[in-house]
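The values are calculated or read from the model by the stated rules, or taken from the named source; none is laboratory data. None of the values given here were measured: they were computed from a predicted structure. All Cβ positions, glycine included, derive from the backbone under ideal geometry; neighbour counts span all protein chains shown. Just the protein is used for accessible areas: all its heavy atoms, side chains included, with ligands, DNA and RNA removed. Shrake-Rupley method; radii C 1.70, N 1.55, O 1.52, S 1.80 Å.
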Amino acid sequence: MMKSRVKIGLIVALYLALGLATYAQTQSPAPTPVQKGATMPTHATGPFEVKLNPQAQEDKVGDPTVGRMSIDKQFHGDLEATSKGQMLTAMTDIKGSAGYVAIERVTGTLHGRSGSFALQHTGTMTRGVPQLSVTVVPDSGTGQLVGLTGKMEIKIVDGKHSYDFEYTLP
């Protein structure tokens, strides 16, 4: 029973990641209004590798139908970094409906500035219609990345992952 739940959790995560990333490719980001004296957003792009590893359920913690996975990423390009995090997944009895949340800590260099920051993921699939938000956790930047804000778009094309990170730094 436990192995099937872990397997279902992994399937949900992959399903969401593939579906949400494919959906993100068809969406154009809304233009960000520029305020007088505001810092212009900067874009960072590049490929990344991700490993999702199912984690065992902890006794008396949470619901056994919720899947939990570790996240291990390696970013390349404008963001040269690694990240570690955790993901929770939930699947429903309705085909094409599921959800996940995740937090990961990214450590490395962003356009030559070193430090770390946290990313928060919120993804849902409602009867095949995906929504995904990956946002920098406010005030999570360290080192030369203190004050970092932004949103990351994840793309998957032909099984290859890439990111488009729109961010601002003071």
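Conditions tested, residue by residue: (1) over 19 Å from PRO41 (Cα atoms); (2) among the aliphatic types (A, V, I, L, M); (3) assigned to a helix (DSSP H, G or I).
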| site | (1), (2), (3) |
| --- | --- |
| ARG68 | yes, no, no |
| GLN131 | yes, no, no |
| SER140 | no, no, no |
| GLN144 | no, no, yes |
Just wondering, is there one or more residues in the range 92-106 that are over 26 Å from MET40 (Cα atoms) and of a type in the set (S, T, N, Q)?
-> yes
For the range 111-129 the number of residues that are assigned to a strand (DSSP E or B) and either within 10 Å of the chain's Cα centre (by Cα) or not β-branched (Val, Ile, Thr) (or both) is 12
Filter the range 41-62 down to residues that are at pLDDT 80 or above and more than 28 Å from GLY159 (Cα to Cα), then give me how many there are.
-> 1
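Is it true that GLY96 is out of contact with any helix residue (DSSP H, G or I) (no Cβ under 6 Å at 6 or more places or on another chain), open to solvent by less than 40 Å² (accessible area, probe 1.4 Å) and part of a loop (DSSP other than H, G, I, E, B)? Before the answer, list the steps.
On the way: out of contact with any helix residue (DSSP H, G or I) (no Cβ under 6 Å at 6 or more places or on another chain): yes; open to solvent by less than 40 Å² (accessible area, probe 1.4 Å): yes; part of a loop (DSSP other than H, G, I, E, B): yes.
Yes: the conditions hold for GLY96.
Could we say that SER83 is farther than 25 Å from GLN57 by Cβ, assigned to a strand (DSSP E or B) and either out of contact with any Asp or Glu (no Cβ under 6 Å at 6 or more places or on another chain) or open to solvent by less than 20 Å² (accessible area, probe 1.4 Å) (or both) here?
Values: farther than 25 Å from GLN57 by Cβ: no; assigned to a strand (DSSP E or B): yes; either out of contact with any Asp or Glu (no Cβ under 6 Å at 6 or more places or on another chain) or open to solvent by less than 20 Å² (accessible area, probe 1.4 Å) (or both): yes.
Here the answer is no, as SER83 does not meet what is asked.
For the range 154-170, how many residues are open to solvent by 40 Å² or more (accessible area, probe 1.4 Å) and in contact with a strand residue (DSSP E or B) (Cβ under 8 Å, 6 or more places away or on another chain)? Steps first, answer last, please.
Just the residues of the range 154-170 that are open to solvent by 40 Å² or more (accessible area, probe 1.4 Å), to begin with: 155, 157-161, 166, 170.
Right, trim to in contact with a strand residue (DSSP E or B) (Cβ under 8 Å, 6 or more places away or on another chain) and you get 155, 160-161, 166.
The qualifying residues number 4.
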